Each structure stands twice: as structure tokens, then as C-alpha cells.
Amino acid sequence: MLTNNRLIKDLKKDLSAENVLSEIEERYAYAQDATNARKIEHLPDAVAFVETTEQVQRVVNIARKYKTPIICRGAGTNVVGACRTDHGGIVLNFSKMNKILDISRENMTATVQPGVVVGDLQKEAEKIGLYYPPDPGNLAVSTIGGSIAQASGGAKTFKYGSTKDYVIDLKVVTAKGEILRTGSSTIKNATGYNLNSLFVGSEGTLGIVVEATMKLIPQPEAKKVLMAYFDTVEDSVNAVNAIIEQRIFPATLDFMDKNAIQTVEKFYPAGLLCDKEAALVIEIDGFKNSMEYQQNIIVSILEQCRASAIQYSTNEDEYKKIWMARHSSMGACAKLKPNVTTDDVIVPRKNLAALVKGINDICKKYNLTVCMVGHVGDGSVHPQIPIDYRDEDEYKRLKKAKSEIYDLTAKLDGILSGEHGIGAEKRSHIHKVINGIALDYMRQIKKTLDPDNILNPYKIF
Ligand SMILES: Cc1cc2nc3c(=O)[nH]c(=O)nc-3n(C[C@H](O)[C@H](O)[C@H](O)COP(=O)(O)OP(=O)(O)OC[C@H]3O[C@@H](n4cnc5c(N)ncnc54)[C@H](O)[C@@H]3O)c2cc1C
């Protein structure tokens, strides 16, 4: 307790009192993230709001002095317990370090602070005809720092890649308080090890991102979304492969199963066709005069693949309505029971149909409802499982089902996370897909960069 008081006093001295939260209610609010863990067992000691790199360095020095963890926090939207404070410590909150420092039309890059909201960067880039495609599912809140740390992907990954493909330089405060630069301002870089890649997806365990330079691309002139319905899941997956085989490259190839369609329609009516087994949400974009051509080819492939109905957006409102329906799936699922969990297993596309069927079989075996959505163009599936955490038996069944879903994913040559990360939630399963030698090297990298284990400890492995 005495140490705790001294830690808070030091933080208040270095950051000013209004930037440090230490009341029990405040600490409780920052012990969790969007993972919706069953119980909150440990609170952080304090929450520190920072605005400058120098303040981040000061917090690191305090954490080193007290050998206490630092858990970085953007918007807390990750769904793997990456912000959980299982070992106490200081939550380093970046919501006030949120300036877009520069957008260069000439270089097609943006340099931003970590707390910048991804959707805000997109809007600013659009003003000068540029585009930042990664969309971590919650554009209005997720931050650049959090999406770098989780290697976030989203619906546009199929055509445009994920966050990792856009990072060209990071300014990082290390666990020793030094400042490390991982890249350069240039679009290409073959100079030394690729440290950008090391930090992307490191979930705040290797260093603290205080500035990021991201690549931008030209904004597509036009976009449109189609929703194609199928009477079997297999037909919908076959249609994905058929579209790709024709070398058509939609911006998005997303999926919703019958449960997801019906649940969304029940709580957020959007005119979805509830009698269908599966739907694909397909966005096309590009030059205005290419839209009709792309649409015609895709529609003819969909028809050949037995699509039983197709809806199109003909204006911005309809475009938003279809996307709102797709993005509402987790919110809708959360209305079925008091809690909801999601996941993001991913397999090579050829094994996708087997993965979807296998997840359904596992959930049936354990008497769990599952609403499945996913970025099927990438082979990625989000099984969303509504659950009542107060029901001990249901919770045990959920744990068993999850473990079997990971076993199945490994068997199908897949990996545990395509875009959400591992965090605290999946760390006990990582050995199923990463071999022991690779894990040992990961541990050595962690030890080299963070010898005192203060940066988001006991996450990932
Ligand atoms: C409904 C819903 C749908 C979603 N859909 C998708 C989806 O389609 N695709 C997808 O990829 N994700 C999806 N997500 C997950 C989530 O949106 C991402 O993980 C998000 O990018 C995290 O951003 P954040 O700002 O909330 O980070 P946080 O959750 O606050 O933090 C995430 C991690 O980043 C670390 N961190 C934060 N800032 C820094 C920093 N400056 N330096 C170092 N480490 C830092 C934290 O310690 C933590 O480990 C979804 C989540 C929800 C709730």
C-alpha cells in the first residue's frame, strides 16, 4: 500500500494530478477491455494520461523504479484481453496523445500520435484524395497505437492488406526509456532488420509506440456494396473461390451465416433475407467507369454459384445500411444473452468450408449458439458466441468448445489469430500453432527488449 501511494505520488508529480486516476471506481473501469472477461480479479494501481513522448519516458522511469507493469491503452476495443491488468501496474492512456502531426500528399504518408482514432485519420486523408484502408471494425473509436499493437485487419484486408502493410516508421519508447526508431520516412527500406514488423502485433509487450508514420494510397473514385444470399454455406464459400479464380479483386469478401443474418435483422432491421443459410457482403471499388463492368462479372459468377438473391447499394444510404448490418453482428449477438465472446481463427482459403462446418459442429456438441461472420476472402472467421457467464456449466462448455475450435484450426493448417491478437485470452493455446523453437526465440526477444518484464507482462505467451 505504501509503495502504491508513493507510485501515485510520483505519477502526479511528473504528470500533474488531473492526469492520474487512482480511485477504486476509476481503476475498475480500466481493468477490462472489450473482451468482456468473466471476472475482474485485479485492478491497475493507477491510470496515467500522457500527451508527450517525454511524459511517456517519465512513466517508464517510474514503472522501472517500482518494477510495476505498464499496460498501454488506446480505446480498449481489443477482444483478447490485451489491456487486462492481471498483474496490476499503470494503465498508460493515449486518448490525449491524439494529434495528426502531418499528412503529406507528396509522399503519401501520415505521421500521427498513437491515440489518433483510425476513422479520423481516414477522414483527414480523404480530404486530399488519399486513403488509409485498414478498418479494425470500430473506425469511430479504435486508435492507431492499438491497431498497430494488435496488427489489426478488418474487412478491407483482402484487397488492401492490414495495418502491418501500412507502417513505415515507428517512434518507440523502450522499456529502458530510450527512444528507438524502427524504420524511415521512405516507402521502401532494405536497410537492416525489419523492426517495424517486430513491433506490429507485439501487443504493447516490446515497446511503447509514441509516433507512427503510415503509408497512404490514392482514394478509389467509387465504391458499391452487394449482398449475395445462398441456400447453403458451401455454395457461398465456393462463390468466394470462384470470384478469386476469375482474378476479380473486390475490396471486401465478407460472410454472414444464417444465425448472424437472423440475429442482426431481429435487433437492427436492415431488410436482410432471413430464410437464407449464408450471405456474402462484397464491396467493389475503383474508377467510376469500372464499376458496372466489375459488378456484371461478379453477379454472373454469383449466379453460376447458385446465389439465390442479390441486393445492391445504389446510393450512400443503402451502402451504409448494408455495412451497418454487417458491423452490428456482435452487438446483435450481445442482445441474445448477457455476454458475448468472439474469435478470429483463420485458415488457408481452401480449408474454409471445413472450418465453418467444424465450428458449427463443435458449438452444436456443446449446446452453444454461434453467429458466424468473417472476412472469408482472407480465410478468416469470427464465431460470435452469446453466453451467460453466471451459468457455470455454460462457461465450462464454452471453454471446451474454444479449445476444440483452436485444435481444429491447427489441424486445418490455420493460425489462432488473423487480426485480433492473442492477449491474455489465447496465450495458453499458442503452442498449438507456434512451434517451441519459435516460441523460445519470441521469449528471448521479449527478454532482450524488456529485461524487467514491465511492458504488458504475461500476454501472448
Ligand atoms: C465489435 C468489434 C469488432 C471488431 N472487429 C475487428 C475486425 O474486423 N478486425 C480487427 O482487426 N479487429 C477487430 N476488432 C478488434 C479491435 O477493434 C482492435 O483490436 C483494435 O484495433 C484495437 O485498438 P484500440 O485502440 O482499442 O486498442 P486497445 O484495445 O486499447 O489496445 C490493444 C493493444 O494495443 C496496446 N497498445 C495500445 N496503444 C499502444 C501504444 N501506443 N504502444 C504500444 N502498445 C499499445 C495495448 O496495450 C493492447 O495490448 C473488433 C472489436 C470489436 C469490439
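Read-outs: derived from the displayed coordinates by stated rules, not from any lab. Quick caveat: nothing in here was measured; it's all calculated off a predicted structure. Glycine also receives a Cβ, built like all others from the backbone with ideal geometry; neighbour counts cover every protein chain displayed.
Here is how the numbers come out for the structure above:
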| quantity | calculated |
| --- | --- |
| Simple spin-label estimate for Leu273 and Lys99 in nanometres, 7 Å along Cα-Cβ | 5.3 nm |
| Cα-based equivalent ellipsoid, segment 100-218: semi-axes from gyration tensor eigenvalues, Å | 21, 16, 14 |
| Cα-based shape type of segment 303-348, given that a ≥ b ≥ c are square roots of the gyration tensor eigenvalues and the cut on a/c is 1.5 | oblate |
| Lysine pairs meeting the criterion (Cα under 24 Å, 8 or more apart or interchain), as found in segment 222-331 | 19 |
| Mean Cα-pair separation over length for the chain, i.e. relative contact order, pairs under 8 Å, 6 or more apart, % | 15 percent |
| Cut-off under 5 Å, modelled amide H: who pairs with Leu455 long-range | Ile70 |
| Share of Cα-Cα pairs in segment 2-93 lying beyond 15 Å, as whole percent | 55 percent |
| Contact order relative to length of segment 336-432, as percent, for alpha carbon pairs under 8 angstrom and 6 or more apart | 38 percent |
| Charge tally in the Cβ shell below 12 Å around Lys459, where Lys, Arg are +1 and Asp, Glu are -1, Lys459 excluded | -1 |
| Segment 5-74: relative contact order as a whole-number percent, Cα under 8 Å and 6+ apart | 34 percent |
| Theoretical ellipticity at 222 nm over the chain - DSSP helices of four or more residues, -39500 (n - 2.57) apiece, nearest 500 | -10500 deg cm²/dmol |
| 15 Å beta-carbon shell around Glu26, net charge (K/R +1, D/E -1) | -1 |
| Nitroxide proxy distance, nm - points 7 Å out along Cα→Cβ at Leu198 and Ile437 | 2.0 nm |
| Loop GluC sites (Glu not before Pro), segment 1-69 (other Cβ atoms within 10 Å of the site Cβ: 14 or fewer; DSSP) | Glu23, Glu41 |
| For segment 296-333 and segment 175-238, distance of Cα centres in Å | 26 Å |
| Sparse-neighbourhood loop sites, trypsin sites (Lys or Arg not before Pro) in segment 132-192 - DSSP loop, at most 10 other Cβ within 10 angstrom | Lys188 |
| With 5 Å bins from 0: P(r) over segment 222-331, alpha-carbon pairs, percent | 2, 13, 25, 25, 20, 11, 4, 0 |
| Charge sum, other residues only, whose C-beta stays under 14 Å from Arg306's C-beta, Lys/Arg counted +1 and Asp/Glu -1 | -4 |
| Reference-scaled alpha-carbon Rg (2.2 N^0.38 Å with N residues) for the chain | 0.99 |
| Shape metrics for segment 336-432, restricted to C-alpha atoms - Rg then Dmax, Å | 12.6, 38 |
| Least to most buried among His382, His87 (fewest other Cβ within 10 Å first) | His87, His382 |
| Förster radius 56 Å - calculated FRET efficiency between Asn360 and Asn4, Cβ distance, rounded to 0.05 | 0.70 |
